[in-house]
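**Q** Take a look at this one; I'll ask things after.
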Amino acid sequence: QALRQISQRTISTASRRQAENRVSENQKLFQEDNGLPVHLKGGAKDSLLYRTTAGLTVFGTMYALYCLLFASMPKKPN
């Protein structure tokens, strides 16, 4: 039982020290009416992630269309 009390005390104090409540800050940030869509309100990191995802999507679509076009062409006889 002593071991259980020590482990519970260690876990509860460690989690209290590390986790601070930032919900109200995030609510203010995401509810602010600044004309940005919600997926870009996080700042430069969100913008970079969005642009990277969009670029990879466009590249993947173009590559898939190229592969389909290449596969649909008849083979040249040797």
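The values are calculated or read from the model by the stated rules, or taken from the named source; none is laboratory data. Not measured: the values here are computed from a predicted model. Positions of Cβ are backbone-derived with ideal geometry, glycine not excepted, and every protein chain shown enters the neighbour counts. Note: areas computed on protein heavy atoms with side chains; ligands, DNA, RNA excluded. Shrake-Rupley method; radii C 1.70, N 1.55, O 1.52, S 1.80 Å.
**Q** For the range 11-28, give me each residue that is open to solvent by less than 80 Å² (accessible area, probe 1.4 Å) and modelled with pLDDT under 90.
**A** If the condition is that a residue be open to solvent by less than 80 Å² (accessible area, probe 1.4 Å) and modelled with pLDDT under 90, then SER12, THR13, ALA14, SER15, ALA19, ASN26 are the ones that fit.
**Q** With the condition kept exactly as written, say whether any residue in the range 29-44 is touching a Leu at 6+ places or on another chain (Cβ under 9 Å), at pLDDT below 90 and open to solvent by 70 Å² or more (accessible area, probe 1.4 Å).
**A** Yes.
**Q** Confirm whether ALA71 is of a type in the set (A, V, I, L, M) and open to solvent by less than 70 Å² (accessible area, probe 1.4 Å).
**A** So ALA71 fails the test.
**Q** Against the condition surrounded by 10 or more Cβ atoms within 10 Å (Cβ to Cβ) and at pLDDT below 90, how does ALA64 come out, does it pass?
**A** Numbers: surrounded by 10 or more Cβ atoms within 10 Å (Cβ to Cβ): yes; at pLDDT below 90: no.
Against the criterion (surrounded by 10 or more Cβ atoms within 10 Å (Cβ to Cβ) and at pLDDT below 90), ALA64 does not qualify.
**Q** Would you be able to say whether some residue in the range 31-43 is of a type in the set (S, T, N, Q) and either part of a helix (DSSP H, G or I) or in contact with a Phe, Trp or Tyr (Cβ under 7 Å, 6 or more places away or on another chain) (or both)?
**A** Checking the range 31-43: at least one residue is of a type in the set (S, T, N, Q) and either part of a helix (DSSP H, G or I) or in contact with a Phe, Trp or Tyr (Cβ under 7 Å, 6 or more places away or on another chain) (or both).
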